[in-house]
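Chemist: Structure incoming, see below.
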């Protein structure tokens, strides 16, 4: 029984039907394998073969555990604000920091923001917001820490805050 089933599966591969073409009553060209008497054998183009591209596995999935092991951070930098950015009185001493880290932050690590050498915020996000900065110049710096251990430290970034003062009033 299995052999007969197998023959029925293989048999269509070896059968090749002739295709005919003719013009029907409405004037349209028709192709088929059951032609009327006035049909001609159709000249069909040969079957086009398509070579399928090889499937490439994702690099990460082919790497061993040792190759996937985290080897440290390459980059930690403040993208915004730029060096010597001036925060005016209309901003009320507010500044939004955007940063870049490469490779991405690891699950057990956190980013620490230092303002004038003192820790002011900790986060796992790539942005910080400072509010009510005092007038004057300030140094910003980032660290990625695992516990108390600094893994990478960004270059320092100087910004300036201008605030209104009673000493700067115009005299009338």
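Chemist: Taking region 106-128, which residues are in contact (Cβ under 8 Å) with a residue 24 or more places away in the chain, surrounded by 12 or more Cβ atoms within 10 Å (Cβ to Cβ) and touching a strand residue (DSSP E or B) at 6+ places or on another chain (Cβ under 7 Å)?
Modeler: 109, 110, 111, 112, 113, 114, 115, 126, 127, 128
Conditions tested, residue by residue: (1) modelled with pLDDT under 90; (2) closer than 16 Å to residue 145 by Cβ; (3) within 22 Å of the chain's Cα centre (by Cα).
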position	(1), (2), (3)
49	yes, no, no
54	yes, no, no
71	yes, no, yes
87	yes, no, no
114	no, yes, no
124	no, yes, yes
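The values are calculated or read from the model by the stated rules, or taken from the named source; none is laboratory data. This structure is a prediction, so every number in the text was calculated from the model and none was measured. Please note: Cβ atoms are built from the backbone with ideal geometry, for glycine as well, and neighbour counts cover all protein chains shown.
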